[in-house]
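The values are calculated or read from the model by the stated rules, or taken from the named source; none is laboratory data. For clarity, every value in this text was computed on a predicted model and none was experimentally measured. The area values use the complete protein model at the heavy-atom level, side chains included, leaving out ligands, DNA and RNA. Shrake-Rupley method; radii C 1.70, N 1.55, O 1.52, S 1.80 Å.
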Amino acid sequence: MTDQDEIFERVAEQIEPFNKKGVELTEATTFATDLEWDSLTVMDFVAAVEDEFDILITMNMQAEIETVGQLVATIRKLMAA
């Protein structure tokens, strides 16, 4: 399993409690459109991801992350820094 696959799996675990519609996750899954998350859900999810990976995702980064794949790529960069 690659780092990317492992991070995707860990992100998917964090998404599960917030995935009320049971959307099948791919790297192209969008938070706003596919998962239909509001800003409060996004904030709760970001906090969970930050705790899981021991990273800090800034507001500027959050504004640019629209898909699960983009989040995985951001986490990889932050973990490598």
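What tally of residues in segment 23-60 results from selecting those that are over 21 Å from E6 (Cα atoms) and assigned to a helix (DSSP H, G or I)?
Residues flagged as over 21 Å from E6 (Cα atoms) and assigned to a helix (DSSP H, G or I) within segment 23-60 amount to 8.
Among the listed residues T2, T30, T41, which satisfies the condition of being hydroxyl-bearing (S, T, Y) and under 10 Å from the mean Cα position of the chain (by Cα)?
T30
For segment 61-80: of the residues being farther than 18 Å from E6 by Cα and outside any helix (DSSP H, G or I), which is most open to solvent (accessible area, probe 1.4 Å)?
E66
Restricting attention to segment 1-29, report how many residues are β-branched (V, I, T) and open to solvent by less than 30 Å² (accessible area, probe 1.4 Å).
Of the residues in that region, 4 qualify.
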